[in-house]
Each structure stands twice: as C-alpha cells, then as structure tokens.
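Please read the structure below before turning to the comments.
FYI, it's all coordinate maths here, none of it is from the lab. What you see is a predicted model; the values in this text were computed from it and never measured. Glycine gets a Cβ as well: all are built from the backbone with ideal geometry, and neighbour counts include every protein chain shown.
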Amino acid sequence: MFETIIFLLIIGLIVTAILINPVLIKQRRNRIKQRTFPPIWNAILENNLPIYYSLSPAERKRLQGHIQVFLAEKQFIGCQGLQVTEEMRVIIATVACLLLLNERGSYFSKLRSILVYPSAYFVNETTAMGNYVVEERRVARLGESWTNDQLVLSWEQVKQDTYNWKDGHNVVLHEFAHQLDQEDGKAEGVPILQKNSDYQIWSQVMTEAYQQLCNDLQLGVKTVLDSYGATNPAEFFAVATETFFEKPQQLQKKHPALYEQLQSYYQLDPVQWH
Ligand SMILES: [Zn+2]
C-alpha cells in the first residue's frame with residue numbers, strides 16, 4: 001500500500017514537472033508540430049477559409065503546426081446542447097492561430113477552454129446607476145473573452161465571419177486579441193510587447209488612433225475601424241486587430257502608424273495576402 005502511494009506520488013511529480021517546465025513544454029509542442037497535418041483538416045480549411053489560400057506555403061506549414069498544438073492543448077465545450085464538431089474546432093483554432101503565425105507570444109497562456117454556443121447567447125448584465133441602484137438587463141452576446149481561463153463564441157457568428165473575411169468583423173480574431181491583451185492580467189489594449197522600449201511608441205500611436213476614431217465618430221466621418229473600437233482602449237485593440245487582418249490595405253492607407261505597430265506586434269504583413 002505504502003509503495004503504491006510513493007509510486008503514484010512520483011508519477012504525479014513527473015507529470016507536473018512535464019506540464020510546467022518551459023523547456024519540456026517547448027519540446028512537446030515541437031513534437032506535436034512534426035505530426036502529419038490530417039488531410040481532413042486541410043480539406044476543412046480549403047473549403048471554408050479563403051484566406052488560407054493566400055498564405056505562402058511556409059506560412060501555411062507554420063500555421064498547421066500551431067493549429068495542432070492549439071487543438072492538443074485547449075478544451076472545447078459545447079453549450080446549449082451544441083455538439084462541437086471537428087470542423088468547428090479546426091476553423092476556430094485556425095483563425096485564432098493566425099494571431100500567432102510568426103511565433104509571437106505563447107499559445108494564449110491563460111486560456112484553457114472555449115465555450116461554443118449554437119448562436120447568440122444571453123447574459124445578465126448589471127449596471128450601477130448611482131445611489132446604490134443597480135440595473136439588471138438581459139443582453140445578447142456573440143462572444144466574450146474572460147480573464148479567468150475561458151473564452152465564449154457563438155458558432156453562428158464564427159461561421160458568418162469566416163465566410164465574410166473582408167468586412168472587417170471577426171469574432172474569433174476579436175476575442176483572441178483580447179486574450180493576448182489579457183496575458184499580463186490587465187485588459188487595457190496593451191499586450192506584452194517584445195522590448196520595454198516598445199511600450200512608449202505603442203501607447204502614443206494607439207492613443208492617437210483611438211482619439212481620432214472617437215473624434216471622427218462624433219463628427220459623423222466614415223471610419224475604416226468599427227465604431228465599437230471607441231468603447232475603450234481594450235476594445236480598440238481588438239477592433240484594430242480585426243481590421244488589420246480583414247481590411248489591411250484600407251487600414252494601412254488611413255492609419256499607417258497604427259498599421260505599422262500592429263505589423264511589428266504580429267510580425268505579419270496581411271497586405272501581402274489580399
Ligand atoms: Zn471586445
């Protein structure tokens with residue numbers, strides 16, 4: 001009996017060490033990336049994601065590796081009776097991994113599970129109205145990124161956004177951009193940047209572009225960035241990310257400094273894909 005307990009303890013320690021050791025994690029991920037990309041996943045991407053064709057062969061190969069790691073590490077949970085299919089998992093993983101394409105950041109380090117609802121879902125939202133009065137409303141949501149370790153998506157919205165790649169809206173890009181922003185524990189539109197010296201210019205460019213969006217909306221000027229970006233700096237970063245991937249030419253033309261910051265952060269140039 002005593003020997004069994006010792007044996008289980010040792011196994012437990014080894015498993016824990018493997019799971020938390022960065023070197024071992026990297027080795028495990030590299031092994032996963034070496035696996036053959038299932039032909040059925042390739043077919044899913046070719047049939048559903050036109051942007052997949054636009055990537056260079058080297059980018060496609062790198063993306064395939066990320067998708068494999070993502071699917072090996074993240075848990076998908078179907079909500080309201082939804083059966084999460086292989087197609088759903090592969091499409092969500094692919095769009096999310098576009099944000100990681102050039103080895104920037106870790107694999108959404110805080111995120112463990114993705115909750116998928118069949119369509120828009122409802123949550124109770126409370127708003128403080130002052131004088132200890134709180135208003136509670138039922139509001140429809142299409143997606144959410146929580147700082148705890150979960151992200152929520154409406155499959156209907158994911159599908160719609162996947163087919164309309166060039167309209168500047170994509171719930172998967174949006175919510176996973178929030179995950180990147182939240183990696184340092186704060187949702188404020190500032191993800192973890194490579195160098196300390198990068199923060200100052202990031203803050204300057206983002207603040208200017210955010211202010212410009214707020215001003216343009218007030219003046220009724222047509223904007224390339226969706227008005228939802230004016231909600232706060234965290235939403236601005238998520239909206240700017242959607243625009244960067246889906247309307248890169250327009251973003252680069254209207255906001256060259258913002259485009260340059262996102263290009264350097266994601267280490268990508270989506271103008272080349274369109
Ligand atoms: Zn958001």
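Expressed as a whole number of Å, what is the distance separating the alpha-carbon centroids of segment 212-274 and segment 16-73?
What the calculation gives is 28 Å, centre to centre.
Based on DSSP, what percent of beta bridges with both residues in segment 6-161 are antiparallel, to the nearest 5?
Taking every DSSP beta bridge with both residues in segment 6-161, the antiparallel ones total about 55 percent.
State, to one decimal in nm, how far the label point of Asp184 lies from the label point of Asn164, with both points 7 Å from Cα in the Cβ direction.
With each label placed 7 Å out from Cα toward Cβ, I get 3.4 nm.
I need the P(r) histogram for the chain: all alpha carbon pairs, bin width 5 Å from 0 out to the longest distance, whole percents.
1, 5, 11, 15, 17, 16, 13, 9, 5, 3, 2, 1, 1, 0, 0, 0
Stretch Glu156-Ile77 to full length: gain in nm at 0.36 nm per residue minus the Cα-Cα span?
26.9 nm
Jot down the per residue volume, in cubic angstrom and as a whole number, of the convex hull over the alpha-carbon atoms of segment 188-274.
Values: hull volume 6.9 nm³, N = 87.
Once divided by residue count, the hull of segment 188-274 is 79 Å³.
Give me the net charge of Phe37's neighbourhood, meaning all other residues with Cβ under 10 Å from the Cβ of Phe37; Lys, Arg count +1, Asp, Glu -1.
Charge balance in the 10 Å sphere: +4.
Taking only Cα atoms and a 10 Å spring cutoff, compute GNM fluctuations for the chain and point out the largest among Leu82, Leu111, Leu101.
Leu82
In degrees from 0 to 90, rounded to the nearest 10, what is the angle of the helix 233-246 Cα long axis to the longest principal axis of the chain?
Approximately 80 degrees, to the nearest 10.
Hey, what do the phi angles of segment 53-59 turn into as Karplus ³J(HN,Hα) couplings, whole Hz, using 6.51/-1.76/1.60 and θ = phi - 60°, x for Gly and Pro?
Residue by residue, segment 53-59 yields 5, 6, 6, 6, x, 5, 5 Hz.
Could I have the simple spin-label model distance between Ile201 and Ala120, label points 7 Å from Cα toward Cβ, reported in nm to one decimal?
Those two pseudo-labels are separated by 4.1 nm.
In the chain, what percentage of the DSSP-assigned beta bridges are antiparallel, given to the nearest 5?
Numbers: 12 of 21 bridges.
The answer is about 55 percent antiparallel.
Per residue of the chain, what 222 nm ellipticity follows from adding -39500 (n - 2.57) for every DSSP H run with n ≥ 4, rounded to the nearest 500?
Computed ellipticity for the chain at 222 nm equals -17000 deg cm²/dmol.
Between Val221 and Leu193, what is the label-to-label distance in nm when each label sits 7 Å out along the Cα-to-Cβ direction?
2.4
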